[in-house]
1. When both residues are 6+ apart or on different chains and their Cβ atoms are under 9 Å apart, which pairs have a first residue that lies in the stretch 105-134 and is touching a residue at least 12 places away in the same chain (Cβ under 8 Å) and among the polar types (S, T, N, Q), and a second that is exposed (fewer than 13 other Cβ atoms within 10 Å of the Cβ) and not in a strand (DSSP E or B)?
2. Pick from LYS127, LYS55: which is open to solvent by 30 Å² or more (accessible area, probe 1.4 Å) and touching a Leu at 6+ places or on another chain (Cβ under 9 Å)?
3. Scan the stretch 162-177 for residues that are of a type in the set (Phe, Trp, Tyr) and more than 17 Å from the chain's Cα centre (by Cα) and jot them down.
4. Being at pLDDT 95 or above and in a loop (DSSP other than H, G, I, E, B) is the filter here, so list the residues in the stretch 144-169 that pass it.
5. When you check THR117 against the structure, is it open to solvent by 10 Å² or more (accessible area, probe 1.4 Å), out of contact with any helix residue (DSSP H, G or I) (no Cβ under 6 Å at 6 or more places or on another chain), over 17 Å from PHE54 (Cα atoms) and among the β-branched types (Val, Ile, Thr), yes or no?
6. What is the one condition in (1) more than 17 Å from SER171 (Cα to Cα); (2) touching a helix residue (DSSP H, G or I) at 6+ places or on another chain (Cβ under 7 Å); (3) small (Gly, Ala, Ser) that ALA88 does not satisfy?
Amino acid sequence: MKKNINSKIIWPGLAGLIIGALLILGIRFVAYQPETVHYHANFAVYINDQREEFKDPAFYESIGASCDVHEQMTPQERAHMHDNINDAVHVHHNAVTWGQFFANLGWVVDAKVIQTTSRQLLPDNEKKISLILNGEPTDNVSNREIGDKDKLLVDYGNNSNVDQEYASIASTADKYNNSKDPKSCGSQAVPSMRERLEHMF
C-alpha cells in the first residue's frame, strides 16, 4: 500500500519536473539571439596641417562583405570605415584597438612613428607626433580599445594647431549608433542550430 502511494506521488512529480525542464530548454532554444557589437567612434589625422582624406577605395570595407557574427570575422570586419565616410570607425567586435583599426588601413600609428601606405613619418626637433584621445594627450593608442563615441586626433607636424584640429573632429558616432548599419550587421544575424543548442545548456 505504501509503495502504491509513493508511486502516485513520485511519478507525477518527476513527470512535471521533466516537462518543466524541457519547456525551459525549448524557450531558451527558440528565443536565443547572439550578442552583437556595433558602435562607432570618430577620428581625424593631420599631417603637416593637412587633413588626411583617405581617398583610396581600399580604405573602405565593402558593403557587400560578410559581417556574420557566427563566422570567424576578418580583422577588417572587426573595425572599418565604409561609404567613403573618412572620419567614422565602425566597430563590430569586442576589444578592438585603435592599433588594429589603423593596421586594417595599412597604417601604424604611435608616438614614435606614423607609417602610412606610402611613407614613414618620424618625430624630430621640428616635427612631433601628437595623439589626443577624448580631449586628453596620450603616448599610445595602439593598445587602447576603441570606445563607443571615442574621438581621436593623430597629428604630425609642429603641433601648433592641435586644439583646432581636435575641435574639427566630427561628432557623428551617436548618429551612426542610432541608424541602420549599411552592412546590416547584428540585427539581421540568424543564429545557427549549433549555437541554439549550445545556448540551451
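The values are calculated or read from the model by the stated rules, or taken from the named source; none is laboratory data. Quick caveat: nothing in here was measured; it's all calculated off a predicted structure. Using ideal geometry, Cβ is built from the backbone for each residue, glycine included, and neighbour counts are taken over all protein chains shown. To get the accessible areas, we keep the full protein, side chains included, count just its heavy atoms, and leave off ligands, DNA and RNA. Shrake-Rupley method; radii C 1.70, N 1.55, O 1.52, S 1.80 Å.
1. THR117/ASP56; THR117/ALA58
2. On the way: LYS55 fails: touching a Leu at 6+ places or on another chain (Cβ under 9 Å).
Only one candidate qualifies: LYS127.
3. Filtering the stretch 162-177 for residues of a type in the set (Phe, Trp, Tyr) gives 166, 176.
Answer for the stretch 162-177, where residues must be of a type in the set (Phe, Trp, Tyr) and more than 17 Å from the chain's Cα centre (by Cα): just TYR166.
4. Listed by number, the residues that qualify are ARG144, ILE146, GLY147, ASP148, LYS149, ASP150, SER168, ILE169.
5. Working: open to solvent by 10 Å² or more (accessible area, probe 1.4 Å): yes; out of contact with any helix residue (DSSP H, G or I) (no Cβ under 6 Å at 6 or more places or on another chain): yes; over 17 Å from PHE54 (Cα atoms): no; among the β-branched types (Val, Ile, Thr): yes.
Taking the combined requirement at face value, the residue does not satisfy it.
6. (1)
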